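Every read-out reported here was derived from the displayed coordinates using simple, explicitly stated rules and does not represent laboratory data. Note that the structure is predicted; figures quoted are calculated from it, not measured.
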Amino acid sequence: MNIVTTPDSVLRMATTAMSRTPDERLRTVMEALTRHLHAFVQEVRLTEEEFEQALEFIVGIGQATGENKNEVVLASDLLGVSTLVALLNNQDPQGESPAALLGPFWRANAPLCRAGESIARCETPGVPLEVTGVVRDTQGRPIAGAIVDAWQASPVGLYENQDPQQDDMNLRGRFETDADGRFHFRTVRPAGYPVPTDGPCGALLRAQQRHPNRPAHLHFMVSKPGHKVLITQVFADDDENLESDPVFGVTRRLIGRFEAQRDGQAATLAHDFVLEPGEMKFPRPPIP
């Protein structure tokens, strides 16, 4: 009879029930997930109380997700899954720039700006930063007309959609590369900041005695028809949290050189990007 007799029989019955899934990829993913999930439960001998806590955590991250925060994305980040997916899907076999986390604060349709324009749309105290670079293809040729979408947290560690004191779309902007693939914009030097800790993910960090502080960085999304969309980050080379990023997002090639100018009263960052040929497919914004 096809009934449960042992713990192992539960797994057999569950995967058998899924075996008729017509979508082959869905069947493969769900069967593998079920096998690993059952193995985890058996390995740690999950108690009923722990199971209830796990369900409460899952419900909690959904309830904590809203207009200005995506706690589900944050949970994936803190478990290292987001970085793992980015690395597995972007192994740069042709020399393209390394990918990084999208993060929970990207917004689509940032203002399209002129070259050299500032993305600070309201008074934003901080060290002035000038960012320059070139976008190329994997053959080293400059890409004209690529769109460089940049966004960042303010020097107090908040993105504009977290902070009512900032104007809409502050520290966000898109720039089109010129005939030589160059882009150029002005901003203020970003600061490191803590990931949100007011929800279930914050409670998890505290229980694990992990700090929440991300190293200072700029986000970039670079696109051009005929090329894969590059989603990446550039980290400040002098940040004390480079080796302890709570979302495990720092790799060596993502560290940029923020050079001090005028005795530290200003800074520059020169960073180039290489796009891989492929389909231009944009992600879904984590929040509006």
In nanometres, the difference between 0.36 nm per residue of separation and the alpha-carbon distance of Ala54 and Cys122 is 20.2 nm
Partner aspartates and glutamates whose C-alpha sits under 15 Å from that of Lys69, ignoring same-chain residues fewer than 8 away, are Asp77, Glu160, Asp163, Asp198
Log10 I(q)/I(0) at q = 0.12, 0.21, 0.24 Å⁻¹ for segment 106-193, from Debye over equal alpha-carbon scatterers, is -0.37, -0.95, -1.13
Taking max minus min of the Cα coordinates of segment 43-111 on each principal axis, largest first, gives extents in Å of 48, 36, 11
Dividing the helical contributions, -39500 (n - 2.57) per DSSP H run of n ≥ 4, by the residues of the chain yields a 222 nm value, nearest 500 deg cm²/dmol, of -8000 deg cm²/dmol
Computed on Cα atoms only, the convex hull of segment 142-288 has an orientation-averaged projected area in nm² of 10.5 nm²
Heads up, the chain by the C-alpha gyration tensor (a ≥ b ≥ c square roots of eigenvalues; a/c under 1.5 rounded, else a/b over b/c prolate, else oblate) looks prolate
What one gets for segment 7-46 as the Kirkwood radius, inverse of mean 1/r over different Cα pairs in Å, is 10.5 Å
One would report the antiparallel percent of DSSP beta bridges in the chain, rounded to the nearest 5, as 75 percent
For Lys224, counting only aspartates and glutamates whose alpha-carbon sits under 19 Å away and dropping same-chain residues fewer than eight positions off, the answer is Asp92, Glu96, Asp137, Asp149, Glu176, Asp178, Asp180, Asp272, Glu276, Glu279
Cα convex hull volume per residue for segment 37-172, in Å³, equals 164 Å³
Computed over the chain, the relative contact order (Cα-Cα under 8 Å, seq sep at least six) in percent reads 21 percent
